[in-house]
Amino acid sequence: MEKINVMVVFGGKSGEHEVSLMSAASILRAIDKEKYNVIPVGITKNGGWRICDCTIDEIENGSWENEQNQLLDTKLNSKPKISLLPSEKGKGFQIENSQVKKIDVVFPVLHGPFGEDGTIQGLIEMLDVPYVGAGVLASALAMDKGMAKKILEAEGLPQAKYILINRKNYFKDKIDCINLIEGTFNYPVFVKPANLGSSVGISKAKNQEELKLALEEAAKYDRRIVVEEFINAREIECSVLGNEDPIASLPAEIIPSKEFYDYRDKYFDGTSQYVIPAELSEEMISKVREMAIRVYKLIDCSGLARVDFFVEGETNRILVNEVNTMPGFTKISMYPKMWEVSGIPYDQLIDKLIQLAIERYKDRN
Ligand SMILES: Nc1ncnc2c1ncn2[C@@H]1O[C@H](COP(=O)(O)OP(=O)(O)O)[C@@H](O)[C@H]1O
Ligand SMILES: [Mg+2]
């Protein structure tokens, strides 16, 4: 059987560049090399695309970006370049000076803006190649915390109360904005840039002084800012897999080691704890899984997504926090861990995602 050419894309311009390298390295280690021929393509922090000829460790530690690790064709002494040729159906990605004649599937292992937000999905769509994960709309919607909230609200799904603030308006009349926030919520409040992930730019503000700092911080990252009421609850996550008939994993509980589950904690310190399956009643587990699928379908996801919730202790209220369409994907990340506990091991998960990408492409054509 001919091998399937999978272009694994990692790195990227977002603040989650390093996380992406870790996710991609795990995928490259586990992917079935008998079945798939992998073309590793890194996107530098500046946005340049590079075909890599280096070890997986070099991808993980970032040294793939060094000149000598980019594939050289010894005969031609020139670097194979990726060209975009949308002229021939299904052959939009051309790798010049290479044995690879056609990319069969793209696996964009990119987190955050320019990777998880519909931009690269749109590019791949134009080139007419199957790709892993959510399409343009779902990616963009899930990435934008403001828009996602509006959609969840329209569907009557429970979530934290929120206000959307435009950066420009904030700088024009700070007092007015602060009055609006203080008139709507009690402290503490959460302040987030609308379009970022991995807790970058997010703060918990306990008083007016902290609120001002939080707004300034979030404004560094985005034109739009989400301010939310503080939810005192357990953090529960659920993995969803599939296209038209998605399935939900057993949920997990995250127990943050600090005030909240922040970037360092997620990827570097690793001091947060998790419990899979989450210690919830059978009934609550079913409700979380059902709601995860409902949210997944509402956003029109495909392939995979991790849906995150808050579960309140006393009321048992389940609130949707957010949807991640390309969640962390290292072997020890929550998304694959939840599937492992639910009966789908890591390597099979990769296989399944590639199959789903091909199925979705066929379905749409
Ligand atoms: N409204 C809220 N109430 C309480 N904690 C929150 C709230 N919003 C966010 N958090 C905390 O901050 C973390 C990061 O926020 P989240 O919205 O999930 O952003 P990210 O996309 O960066 O993961 C959450 O995992 C949770 O610990
Ligand atoms: Mg989160």
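The values are calculated or read from the model by the stated rules, or taken from the named source; none is laboratory data. On a predicted model such as this, the values are computed, not experimentally measured, just so you know. Because the Cβ atoms are built from the backbone with ideal geometry, glycine has one as well, and the counts that use them run over all protein chains shown. SASA here: full protein model, heavy atoms, side chains in, ligands and nucleic acids out. Shrake-Rupley method; radii C 1.70, N 1.55, O 1.52, S 1.80 Å.
Annotations for the structure displayed:
- Translational diffusion of the stretch 162-229 was estimated from the Stokes-Einstein equation, with Rh taken as the Kirkwood radius over Cα pairs; at 10 °C and 1.306 mPa s the coefficient is 139 µm²/s.
- Estimated distance in nm for a label pair at Glu279 and Glu125, the labels positioned 7 Å out from Cα along Cα-to-Cβ: 4.5
- Spin-label model distance (nm) - Arg294 vs Asn61, 7 Å beyond Cα toward Cβ: 4.9
- The Kirkwood radius of the chain, taken over pairs of alpha-carbon atoms, gives through the Stokes-Einstein law at 25 °C and 0.890 mPa s a diffusion coefficient of 115 µm² s⁻¹.
- Computed Rg/Rh of the stretch 307-365, alpha carbon atoms with Kirkwood Rh: 1.11
- Straight Cα distances below 19 angstrom link Lys91 to the aspartates and glutamates Glu2, Asp104, Glu125, Asp128, Glu359, Asp363, with same-chain residues fewer than 8 positions distant left out.
- Percent of Cα pairs exceeding the 23 Å cut-off, where the set is the stretch 4-131: 27
- Each Lys or Arg adds one and each Asp or Glu subtracts one; over the other residues with Cβ under 10 Å from the Cβ of Asn324, this totals -3.
- 29 Å Cα-Cα reach of Lys206 towards lysines, excluding residues that sit fewer than 8 places from it in its own chain: Lys145, Lys149, Lys150, Lys161, Lys168, Lys172, Lys174, Lys192, Lys220, Lys258, Lys266
- Taking Cβ atoms as reference points and 10 Å as the exclusive limit, the residues near Tyr162 contribute a net charge of +2, counting Lys and Arg as +1 and Asp and Glu as -1.
- Look at the alpha carbon pairs under 8 Å that are at least 6 residues apart: their mean separation over the length of the chain gives a relative contact order of 17 percent.
- P(r) weight above 20 Å for the stretch 119-225, C-alpha pairs, percent: 48
- DSSP assigns beta bridges within the chain; of those with both partners inside it, close to 75 percent run antiparallel.
- Karplus (6.51, -1.76, 1.60) ³J(HN,Hα), θ = phi - 60°, over the stretch 202-207, in Hz, Gly and Pro reported as x: 8, 9, 9, 10, 9, 7
- Label-to-label distance, nm, for residues given as Asn37 and Glu182 (7 Å Cα→Cβ offset): 6.6
- By the helix-only formula, in which each DSSP H run with n ≥ 4 contributes -39500 (n - 2.57) and the sum is divided by residues, the chain has a 222 nm mean residue ellipticity of -10500 deg cm²/dmol.
- By the compact-protein rule of thumb, 2.2 N^0.38 Å, the alpha-carbon radius of gyration of the stretch 219-362 corresponds to a ratio of 1.06.
- Length gained when the stretch Lys102-Arg223 is fully extended (0.36 nm per residue, less Cα-Cα span): 39.6 nm
- A Förster radius of 51 Å combined with the Cβ-Cβ distance from Arg29 to Asn207 puts the calculated FRET efficiency at roughly 0.60.
- Here Asn232 and Leu157 are evaluated by their C-beta separation; at R0 = 30 Å the FRET efficiency comes out at 0.95.
- Accessible-area composition of the stretch 4-131, carbon plus sulfur, in percent [1.4 Å probe]: 50
- Solvent-accessible area, 1.4 Å probe, carbon plus sulfur percent, for the stretch 162-229: 47
- The stretch 162-229 - accessible surface per residue (Å², probe 1.4 Å): 50
- Computed from phi, the 3J(HN,Hα) profile of the stretch 155-165 under the Karplus parametrisation 6.51, -1.76, 1.60 (θ = phi - 60°) reads 8, x, 7, x, 7, 5, 5, 8, 10, 9, 10 Hz, with x in place of Gly and Pro.
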